[in-house]
Amino acid sequence: MGRADDRRARQKGARRAKKAAKQGGIRRFFTWKMVLGYFVALGALGVGAFAILYFMVKVPPANAAAKAEANIYKYSDGSIMAKEGSVNRESVPLSKVPKKVQHTFVAAENKDFYTDSGVSFSGTARGLINTALGRGKQGGSTITQQFVKNYYLSQEQTVSRKLKELVISLKVDQDQSKDYILQGYINTSYYGRGAYGIQAAARAYYNKDAEKLTVQQGAYLAALLQAPSQYDYSTAGPNGKKLVVARWNYILNNMVEKDWLSQSERDGLKFEKPIAPRPIPGLEGQTGYVIEAAKKELYKTGISENEVEAGGWTITLNLDKKKQKALEKAVRTELTDKLDPKKRQVDKDAQVGAVSVDPKTGGIVAMYGGAGATEHYFNNATRSDYQPASTFKPLILASAYENGSTTQNGTPITASTLYDGTSKRAVKGSVTAFAPPNEDDKSYGPINVQKAMNKSVNSVFAQMAVDVGLDKVKSTAMDLGMNGDVKNGFDVRPAMSLGVMGASPKEMAGVYATLDNHGKKVTPAFVKSAQKGEDQQADLPDPTNGQAISRGAADSVTQVLTGVVDDGTGQAVRTKGQEMAGKTGTSDDNKSAWFTGYTPDLVTSVGMFGEAKGGKQVTLKGLAGGGRVNGGDYPAKIWSSFMGSTLDDDSTTKFDLDTELDNLPQAPPSTSESEEAPTTSAPPTESESPTPTKSATPEDTPTAPTTPATPSTPPSTTPTSPTLSPPATLPGGEDDGSGDGDGPGGG
């Protein structure tokens with residue numbers, strides 16, 4: 001027993017000795033004195049390295065970006081369309097800028113600017129780490145650092161550039177006054193709207209010189225520097241407006257904190273909205289529209305406004321030079337040459353927008369944005385504040401095919417399905433009562449879907465939308481590419497069947513291009529490629545990517561739309577030997593008129609809009625001394641003239657369709673059926689008019705009596721073929737005596 005205890009004691013002692021020896025070895029290298037020594041040595045190395053860096057890095061002359069290079073825009077064939085190189089900048093001495101306006105920039109970016117050393121070591125360290133880890137652009141720089149970046153260096157995000165920025169900022173802060181640095185900062189910064197420097201910004205946003213800016217205006221310009229495009233109050237969305245106002249308040253509160261503004265004066269200040277954007281000289285005609293649209297596409301790829309505006313880019317567009325000139329000529333010969341703005345106000349109010357897309361590549365090959373970027377600032381080709389009207393109806397049919405939908409009595413919805421075309425017939429199965437009148441209040445009685453599309457019968461498609469399901473219709477529309485104004489007016493209600501939401505010609509061209517492309521999604525693109533130097537290249541998305549709807553559904557709709565051209569409201573565009581598909585659209589009160597159509601190789605959407613001074617939406621009725629303007633009139637004529645000029649001997653003449661359309665007998669023609677006759681008046685012209693409204697106003701929403709009229713008794717004639725036995729009551733034929741106050745969306 002004694003020997004066992006002795007053995008255990010010896011083993012325990014050995015373990016203690018081993019542990020003590022091990023700890024002693026570690027402590028030899030990591031005593032607190034030695035750890036402190038390591039930190040001191042490391043710090044000395046860092047200081048030494050920084051001293052060497054400080055000695056080696058010199059303050060360079062102003063960089064090329066500060067002088068700005070030209071951006072070159074090319075057609076798809078490589079020929080030059082335009083050079084954009086004149087920078088909108090006019091430097092002013094700091095003495096010309098009110099003291100409180102100077103303070104707004106300091107309060108916005110760097111409250112301790114007047115007392116700091118010119119750099120933020122913590123912000124720079126954070127930026128270095130994030131840049132090294134590839135986390136993108138980081139904030140935290142002082143005004144001095146931002147001035148150095150703008151004036152001496154570049155916008156690239158690299159560790160070496162940030163280290164140079166740090167050293168040069170320290171030297172500039174030592175060698176120059178704070179006023180010199182602040183003056184350089186506000187004169188080299190980019191404010192959006194093509195404006196470099198505070199003087200150009202003051203003119204662009206408030207139409208005054210910098211020396212006349214108020215403190216609240218200065219606070220807005222200072223707020224812009226964080227995100228010039230997103231914070232432009234005139235064009236920003238709801239979130240952008242909210243953010244810029246919040247930053248404006250933040251700046252003024254900081255001024256109070258620094259005693260640059262009294263609390264009583266702060267309390268009396270109200271946010272002052274800037275003026276609407278004005279054209280930039282040198283971007284006349286369609287060029288200005290195209291360049292601005294191309295820039296917006298580049299911004300979406302992650303390239304900043306500053307990077308694009310600094311210049312040096314070669315931007316190749318999808319625009320085809322011949323097609324572009326042909327589209328401009330078509331608008332001129334079929335419309336603007338026939339107007340007399342001095343004689344008729346409506347002729348002055350007419351605006352036109354058009355977009356033509358290659359359905360196979362998704363490239364925008366031609367665009368018409370309006371009278372010219374220096375005459376009418378807003379691009380009619382991309383604006384989405386007018387109703388697409390009946391050009392939306394094919395999307396309802398597409399949803400029906402895609403979802404295998406049936407009528408209220410269980411009949412599959414196809415081109416041959418019979419509906420009740422009675423005007424003002426109450427829609428059956430709708431939670432919201434709706435009873436839209438047809439064009440000219442015309443009733444058609446029993447009518448199949450093909451003829452209803454040909455004649456653009458409102459009552460049929462209102463019922464069909466409910467049969468398919470309004471949520472499903474909206475979902476299909478979004479899948480096809482109707483996303484431009486979905487958040488601002490695409491309400492799920494029966495009236496959506498008449499196209500009462502907002503849409504642009506570019507958007508509708510994309511939707512129809514997707515149909516033409518057999519259901520494969522087409523997102524129209526202006527930019528083909530964008531390159532700066534040898535290294536920087538824009539990462540552009542594929543304009544044709546993913547299947548939006550099945551080929552069978554898309555091709556079936558195309559088959560139906562060929563009937564609109566052959567025997568419907570789109571007959572004006574028929575060309576012998578060339579198969580075409582398309583749809584007209586005319587909104588309530590004739591405020592917009594459309595024709596969107598396609599051949600196997602090209603899709604074009606033409607929209608006409610009534611826009612009075614101040615952006616108010618007005619009627620096109622009486623244009624060129626005529627009457628009502630339908631989609632089958634001027635829009636169809638422009639479309640036909642342009643598309644006809646693009647056809648050649650190599651053009652495809654037939655659609656390659658894969659459909660399963662049934663061959664059921666069609667409803668006999670009703671004696672009341674008639675086409676949407678184009679007016680015989682002379683075509684309209686666009687003219688200058690200011691800012692458009694953001695979305696369709698309530699007065700644009702079709703109206704109808706609260707209680708709809710009881711539908712007329714359908715004609716007694718019925719299909720004679722035994723293969724089709726329509727129910728006693730056609731789909732939606734029961735009148736529940738309700739209505740929701742919405743009326744026609746036009747034809």
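The values are calculated or read from the model by the stated rules, or taken from the named source; none is laboratory data. What you see is a predicted model, and the numbers here were worked out from it, not measured in a lab. Note that each Cβ is placed from the backbone with ideal geometry, even for glycine, and that neighbours are counted across all protein chains shown.
Structural remarks
- On inspection, residue 336 does not qualify as of a type in the set (Ser, Thr, Tyr) and under 24 Å from the mean Cα position of the chain (by Cα).
- Only residues that are in a helix (DSSP H, G or I), among the β-branched types (Val, Ile, Thr) and within 18 Å of the chain's Cα centre (by Cα) were counted across the stretch 282-302, and they come to 2.
- Residues within the stretch 570-585 that are under 30 Å from the mean Cα position of the chain (by Cα), β-branched (Val, Ile, Thr) and modelled with pLDDT under 95, tallied: 1
- Unique match (being free of Cβ contacts under 8 Å to residues at least 40 places away in the same chain, on the phi < 0 side of the Ramachandran plot, surrounded by fewer than 19 Cβ atoms within 10 Å (Cβ to Cβ) and not β-branched (Val, Ile, Thr)) among 296, 329: 296
Condition check ((1) surrounded by 23 or more Cβ atoms within 10 Å (Cβ to Cβ); (2) among the small types (Gly, Ala, Ser); (3) modelled with pLDDT of 95 or more; (4) touching a strand residue (DSSP E or B) at 6+ places or on another chain (Cβ under 6 Å)) across all residues:
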position: 454; (1), (2), (3), (4): yes, no, yes, no
position: 462; (1), (2), (3), (4): yes, yes, yes, no
position: 491; (1), (2), (3), (4): no, no, no, no
position: 514; (1), (2), (3), (4): yes, no, yes, yes
position: 520; (1), (2), (3), (4): no, no, yes, yes
position: 523; (1), (2), (3), (4): no, no, yes, no
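Per-residue answers, yes or no, for (1) of a type in the set (A, V, I, L, M, F, W, C); (2) at pLDDT 55 or above; (3) surrounded by fewer than 19 Cβ atoms within 10 Å (Cβ to Cβ):
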{"residue": "624", "(1), (2), (3)": "yes, yes, no"}
{"residue": "642", "(1), (2), (3)": "yes, yes, no"}
{"residue": "646", "(1), (2), (3)": "no, yes, no"}
{"residue": "649", "(1), (2), (3)": "no, yes, yes"}
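- Qualifying residue in the stretch 411-419 (condition: at negative phi, touching an Asp or Glu at 6+ places or on another chain (Cβ under 6 Å) and of a type in the set (A, V, I, L, M)): no
- Entirely in the stretch 418-488, the helices (runs of 4 or more DSSP H) that have 2 or more residues that are in contact with a Lys or Arg (Cβ under 6 Å, 6 or more places away or on another chain) and over 30 Å from residue 525 (Cα atoms): 458-468
- Some residue of the stretch 132-141 being polar (S, T, N, Q), at pLDDT below 65 and either on the phi > 0 side of the Ramachandran plot or not in a helix (DSSP H, G or I) (or both): yes
- Looking only at residues in the stretch 598-622 that are hydrophobic (A, V, I, L, M, F, W, C) and closer than 30 Å to residue 276 by Cα, the one that is surrounded by the most Cβ atoms within 10 Å (Cβ to Cβ) is 606.
- Tallying residues that are among the β-branched types (Val, Ile, Thr) and either out of contact with any helix residue (DSSP H, G or I) (no Cβ under 9 Å at 6 or more places or on another chain) or buried (at least 24 other Cβ atoms within 10 Å of the Cβ) (or both) within the stretch 432-448 yields 1.
- Scanning the stretch 209-227 for residues that are buried (at least 20 other Cβ atoms within 10 Å of the Cβ) and in a helix (DSSP H, G or I) yields 210, 215, 217, 218, 219, 220, 221, 222, 223, 224.
- Some residue of the stretch 390-405 being in a loop (DSSP other than H, G, I, E, B) and without any contact (Cβ under 8 Å) to a residue 12 or more places away in the chain: yes
- Each residue in the stretch 308-339 was checked for being part of a helix (DSSP H, G or I), within 30 Å of residue 228 (Cβ to Cβ) and among the β-branched types (Val, Ile, Thr), and 1 pass.
- Just one residue in the set 199, 183, 176 is polar (S, T, N, Q) and within 12 Å of residue 151 (Cα to Cα); that residue is 183.
- Residue 506 within 30 Å of residue 308 (Cβ to Cβ) and crowded, with 21+ Cβ neighbours inside 10 Å: yes
- Residues of the stretch 192-208 include none that is within 18 Å of residue 143 (Cα to Cα), among the polar types (S, T, N, Q), in a helix (DSSP H, G or I) and touching a residue at least 24 places away in the same chain (Cβ under 8 Å).
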